[in-house]
Amino acid sequence: MIHWIFTLALLQGAPSQKDEIGSWIDLPTAQLEALAKHAKGGDRGVIHLILASRDTSHASSLDLAHPVLDSLYQVRPTPMCAALLGTAEALEARRARPDVIAATKWVGRAMDHLQTAVRGDSLDPVLRIFRINSLVEVPEIFHVDALLKSDEAFLRHLQPRLAVADPSVMMALALVGYRFGNLTEASAIWKLVAARKDIPSTLRLDARRRLEALGG
């Protein structure tokens, strides 16, 4: 299953829109659901997107998130809004997967908006991470490998300059490594993330699930 990482570490100190996303990522599902009932506008769309990204049981959250984020992008066509919309469209592609034609349409839209996001601010690592997480399980027939390798190279260049190894960067690199067959590196990263107590529990849980899937 595709897992969508909303990271706190890279969002700290960023514009308020990113700070708000960061403040929601580690909330329990029940608390997020309660928060969504009172949220308005783009905030409501993002909260429902986080819920939809957690598991397929929140299909109704995607139904609520997608039109809100689409409208938000029409009004505020920023790189971050493009990335959020692209993520929603990638989730639509996952949901439509039994219907090849519909899934292909959503993948194309997701790629267009994620490309727009990265082109709009190619130095923002958050946008690169959004693109990796949205496209890492898309078949190469859509020619995504070059995009993923570009994002991987950017994050590998960034990582040594971080004061502390950022778990969101590490997880993104593990996902790309796993896609391209580097299971040893992916497994090592997931073990490191799973053991760290200073990061959101959602990332630790995802790392543990991936290790279990590898039999580690």
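Yes or no, residue by residue, for (1) of a type in the set (Ser, Thr, Tyr); (2) within 23 Å of Val144 (Cβ to Cβ); (3) at pLDDT 90 or above:
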{"residue": "Ala165", "(1), (2), (3)": "no, no, no"}
{"residue": "Leu173", "(1), (2), (3)": "no, yes, yes"}
{"residue": "Gly177", "(1), (2), (3)": "no, yes, yes"}
{"residue": "Glu185", "(1), (2), (3)": "no, yes, yes"}
{"residue": "Ala195", "(1), (2), (3)": "no, no, yes"}
{"residue": "Arg204", "(1), (2), (3)": "no, no, no"}
{"residue": "Glu212", "(1), (2), (3)": "no, no, yes"}
Right, Ala59: buried (at least 20 other Cβ atoms within 10 Å of the Cβ) and part of a helix (DSSP H, G or I) or not?
-> no
Test set (1) of a type in the set (Lys, Arg); (2) over 30 Å from Pro28 (Cβ atoms); (3) not in a helix (DSSP H, G or I) - Lys197 fails condition number = (2)
Looking for whichever is under 12 Å from Thr87 (Cα atoms) and either of a type outside the set (S, T, N, Q) or in a loop (DSSP other than H, G, I, E, B) (or both) here; the options are Ala153, Ala117, Ala165. Which one fits?
-> Ala117
Within region 64-78, residues being in contact with a Leu (Cβ under 6 Å, 6 or more places away or on another chain) and closer than 19 Å to Ile25 by Cβ number 2
Within region 125-151, can you find the residues that are among the acidic types (Asp, Glu) and buried (at least 20 other Cβ atoms within 10 Å of the Cβ)?
-> Asp151
Taking region 94-124 only, how many residues are crowded, with 20+ Cβ neighbours inside 10 Å and modelled with pLDDT under 95?
-> 1
Residue pairs within 8 Å by beta carbon, gap of at least six or interchain, first lying in region 43-63 and within 14 Å of Leu27 (Cα to Cα), second surrounded by fewer than 24 Cβ atoms within 10 Å (Cβ to Cβ) and charged (D, E, K, R), listed first then second, are Val46/Glu20; Leu51/Glu33
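The values are calculated or read from the model by the stated rules, or taken from the named source; none is laboratory data. Treat the numbers as computed from the prediction; the structure is a model and nothing was measured. With ideal geometry, Cβ positions are generated from the backbone for all residues, glycine too; neighbour counts draw on all protein chains shown.
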